[in-house]
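Chemist: The structure is given below, and queries will be raised subsequently.
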């Protein structure tokens, strides 16, 4: 269930990010050319779509970050800085052993 939720969040984020300004402008320009909407409405839709996409991307990053932090709490994961500290300790111990 957890993985299914993560997949859905990932697909949602990818969909929101795939709506580029150029693509949105093309879609709404075509609608304006067909007379389905006015040029001003098309411009407003593009601006709104881009703004909404940015808001959703920010929210998606927040949700993903929270989920990653939750996973870190539930599983024993070693951070890169912890590994670096251990590597330094090992190196120091090796040097001490070589000196003896």
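Chemist: For residues that are at pLDDT 75 or above, in contact with a helix residue (DSSP H, G or I) (Cβ under 8 Å, 6 or more places away or on another chain) and in a helix (DSSP H, G or I), scanning just the stretch 33-44, find the one that is surrounded by the fewest Cβ atoms within 10 Å (Cβ to Cβ).
Modeler: By that ranking, first place goes to 39.
Chemist: Right, next: Cβ-Cβ distance below 8 Å, separation of 6 or more or different chains: which pairs start in the stretch 60-84 with a residue that is on the phi > 0 side of the Ramachandran plot and modelled with pLDDT of 90 or more and end on one that is in a helix (DSSP H, G or I) and surrounded by 11 or more Cβ atoms within 10 Å (Cβ to Cβ)?
Modeler: Between residues of the stretch 60-84 that are on the phi > 0 side of the Ramachandran plot and modelled with pLDDT of 90 or more and residues that are in a helix (DSSP H, G or I) and surrounded by 11 or more Cβ atoms within 10 Å (Cβ to Cβ), there is no close pair.
The values are calculated or read from the model by the stated rules, or taken from the named source; none is laboratory data. All values derive from a computational prediction rather than experimental measurement. Here the Cβ is made from the backbone with ideal geometry for all residues, glycine too, and neighbour counts use every protein chain on show.
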